[in-house]
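To start, the structure under review is shown below, and the notes come after it.
The values are calculated or read from the model by the stated rules, or taken from the named source; none is laboratory data. Quick caveat: nothing in here was measured; it's all calculated off a predicted structure. When we count neighbours, we look across all protein chains shown, and the Cβ atoms used for this are built from the backbone with ideal geometry, even at glycine.
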Amino acid sequence: MRYPPVEPKNVLVTGCSTGIGAATAVALRERGWRVIPTARKEADLDALRRDGFEPVSLDMAESGSIAKAVEQVLALTDQAPGAVVNNAGYGQPGPIEAISRDAMRRQFEVNVFGMQELTNALIPHFRRNGGGRIVNISSVLGRVSFPFNAVYSASKFAMEALSDALRIELDGSGIAVSLVEPGPIASAFRKNAVKIAHETLDFESSRWGTVFRAEVERRLGNPQPFNRFTLPPESVASKIAHALESPRPRIRYCVTIPAYAGAWARRLFPDAMTDAVIRRSARKKLRRAGN
C-alpha cells in the first residue's frame, strides 16, 4: 500500500538515552528530520541537550508523564507531529514462576500500555495532518518465546498484536504502522536486564533458579557478547528510516540473522519442532547446573 510522505518531517523517538533510540535520533537528524527524543532520567536529558536536541521527559509507566510529553511535542511541532518511533522499553528476565505479579505488571505498563497510550494520543493529530507513520520496535522475541524471557516476550507479542490490528483500523487514513524486529544488538539492554533480575527475582522459587542465577553472573562478567550475529544499533536505525520515508513501508522489518531465522521458523516449522530445539538447549543448561 502506498502512503503519503511525512510533512513536515517531525518525529518523536522514545527511549533515546542509549542504544537503538540514541542511534536512531542521530541518524534521522542527519537525514533531515526534526527529532524530538525522549528519556526518563535528567542526566540523559542533559546529554541529549548537549548533543543539540530538544528532548522531552517521558516515563512510559505514568499516564501523567505521557500526557505532558504529548503536550510538549505538540508545542514544539506547532501541532504537527509527523511520526512516532516507539522504542522505549526494557526486558524483564527470569523463569516465569520466579516473577511476581508486580514485576509482570510493570513490564506491560512500560512496553505495552504506555506505548499504546502515547500512540493513541498522537493518532488524532496524524489524521488531521493527512497522514503519519507509527514505527513500533518489537523483537525476534515477539515471534518466538524463549525460556527466561517469557514476560518480555509476552509484551512484544502484545505489541505485535496491537500493531497488526491498528494497521487495519487505520486503513485509508494515510497513517502507516510498521514493526521492527531486532535480534541481538550491541546496546545496554542485556546489562540493564541483569540489573533488573537482581532487583526483582526470587531465585529460590523455581527449579530454574540455579540455572538463571549462573546466567546472570555470567552476564555480569560479559554483559554484551559480540559475535557474528550481533549488529550495531545503527542497523536498526536504517530500517526505521525506511519505515518513515518509503512510500511503501513494510509491515515488518527483521534485523540480524537470528531475527530472520526466528521469523522463518515460526512460519515453516510445527510448534512441536520449535519446542524440541528450544527444550534441548534448556535441558543442557539444567544439567550443567546439576539439577
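Within the group Phe203, Phe126, which residue is at pLDDT below 95, farther than 21 Å from Val236 by Cα and touching a Lys or Arg at 6+ places or on another chain (Cβ under 9 Å)?
Phe203
Give me the pairs, please: first residue somewhere in the range 265-291 and under 24 Å from Cys254 (Cβ atoms) and among the aliphatic types (A, V, I, L, M), second residue anywhere and modelled with pLDDT under 85 and in a helix (DSSP H, G or I), beta-carbon distance under 7 Å, and either six or more positions apart or on two chains.
Note: pairs meeting the criteria are Ala265/Thr274.
Going by the conditions given, is Ser246 farther than 25 Å from Gly114 by Cβ, of a type in the set (Gly, Ala, Ser) and at pLDDT 65 or above?
yes
Conditions (1) in contact (Cβ under 8 Å) with a residue 60 or more places away in the chain; (2) under 25 Å from Ser139 (Cα atoms); (3) over 15 Å from the mean Cα position of the chain (by Cα), marked per residue:
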{"residue": "Leu28", "(1), (2), (3)": "yes, yes, yes"}
{"residue": "Arg50", "(1), (2), (3)": "no, no, yes"}
{"residue": "Ala75", "(1), (2), (3)": "no, no, yes"}
{"residue": "Asn86", "(1), (2), (3)": "yes, yes, no"}
{"residue": "Gly89", "(1), (2), (3)": "yes, yes, no"}
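Just to verify a result, which residue in the range 158-184, among those that are out of contact with any Ser or Thr (no Cβ under 7 Å at 6 or more places or on another chain) and not in a helix (DSSP H, G or I), is nearest to Thr24 (Cα to Cα)?
The extreme case among them is Ser178.
Condition first: part of a helix (DSSP H, G or I) and within 20 Å of Ile240 (Cβ to Cβ). Now tell me which residues in the range 130-157 satisfy that.
Hits for the range 130-157 are Val140, Leu141, Gly142, Ser155, Lys156.
Considering only residues that are touching a helix residue (DSSP H, G or I) at 6+ places or on another chain (Cβ under 8 Å) and in a loop (DSSP other than H, G, I, E, B), look in the range 19-50 and name the one that is nearest to Ala176 (Cα to Cα).
Checking each candidate, the answer is Trp33.
Across the range 128-151, which residue is surrounded by the most Cβ atoms within 10 Å (Cβ to Cβ) among those that are within 15 Å of the chain's Cα centre (by Cα) and within 18 Å of Thr14 (Cα to Cα)?
Taking the candidates together, the pick is Ile137.
Just checking, how many residues over the range 68-83 are closer than 16 Å to Ser57 by Cβ and not basic (Lys, Arg)?
The total comes to 8.
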